[in-house]
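Data block below; observations after.
Please treat every number below as a calculation from the coordinates, not as lab data. This is a predicted model, so every value here is computed, not measured. Cβ coordinates were reconstructed from backbone atoms using ideal geometry, including for glycine residues, and neighbour counts include every protein chain displayed.
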Amino acid sequence: MYRLTIRSNPQDSETMQILLHANISWGWEESSQHTFLVHFTGKDRAVEFMDLVRDTLPDSLFELAPVQNMDWSQDWKKYFTPVAVEDTFIIIPEWHADTESSLIKIIITPKMAFGTGHHPTTSLCLKSLASVFKQGALDSKSTFLDLGTGSGILGIAAAKLGMTGLGLDNDPCAVDNASENIALNNVGSRFQVKAGEVAATGNKDRFNLILANILSSTLINLAEELCSKLDKHRACLILSGILDKQVQKVISAYKGLAPGTPYVQSQDEWSAITWIKEH
């Protein structure tokens, strides 16, 4: 087992995220100061990825070291503790499913997919979802689309509020993981997932809520297609996975397409943007 530590420059954050998403399907650890830890079972694959990052981001710093083999599927569990979001949700790992709480419980086993509520991009989405629901912009009769569903955490949260919807992801591992988490939360009657992109929703499908926690470059490219899937009468759009410095680019891409006025929430260096169709 080998651990590759990568330290990138702040201005290279978006490119580094793209490289990780495209090449490291089993996940990585992101610590402060733009440092990323990736574990590999073999040295050759670690060196290959290190060379790819070096060619793309030559100013990055690297450290490759052997580490003791262990059961990573069990070891990572000590880092996944319950996370409360506002006064609405609490994300709980499966092995603490019996934890009592007055908040809405979302039980998650993330495995190789992303979304435990710890990362700002996920927690910002959940905060925005809780906020628009409390405002009455959405209710239990609303429909939703969770694009890039990952572990399914956002769609499960919407379903726990009584909404009905669809989750899409182009990674089969994420679809399998989301399906497992849907079963853990007993929301299978309101939330289904499948492999695919926006077009997989069908030509006639429209949604009251669209959630998308993905790369900002992808969000920009999907602006017209995503907004075409919003209901014409009652709609809310929540986008995350956006670095603070990318916010204005994303807002510009959705100008004239998304309903209402964009509202930005930030945490650390990340932001989420919410649009609500005015009544």
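Evaluating kT/(6 pi eta Rh) at 4 °C and 1.567 mPa s, with the Kirkwood radius of the range 215-254 over Cα pairs in the Stokes-Einstein relation, gives 121 µm² s⁻¹. For Lys160, the lysines whose Cα comes closer than 23 Å to its Cα, not counting residues fewer than 8 places off in the same chain, are Lys105, Lys111, Lys127, Lys134, Lys141, Lys194, Lys229, Lys277. Structural size metrics of the range 147-279, computed from C-alpha coordinates, are Rg and Dmax of 14.4, 40 Å. Taking the inverse of the mean 1/r over every pair of distinct Cα atoms in the chain gives a Kirkwood hydrodynamic radius of 19.4 Å. Secondary-structure-derived ellipticity at 222 nm for the chain, considering helices only, amounts to -9000 deg cm²/dmol, per-run term -39500 (n - 2.57) for DSSP H runs with n ≥ 4.
Leu209 sits among other residues whose Cβ lies under 12 Å from its own Cβ, and their net charge, with Lys and Arg +1 and Asp and Glu -1, is +2. Computed over the range 2-69, the range of Cα coordinates on each principal axis works out to 34, 23, 21 Å, biggest value leading. In the chain, the sites counted are GluC sites (Glu not before Pro) in DSSP loop states with at most 10 other Cβ atoms within 10 Å, and the longest stretch holding none of them, exclusive of the sites, is 101-277. Site pair Glu29 and Cys173 shows an inter-label distance of 1.7 nm when each label is modelled 7 Å from Cα along Cα→Cβ.
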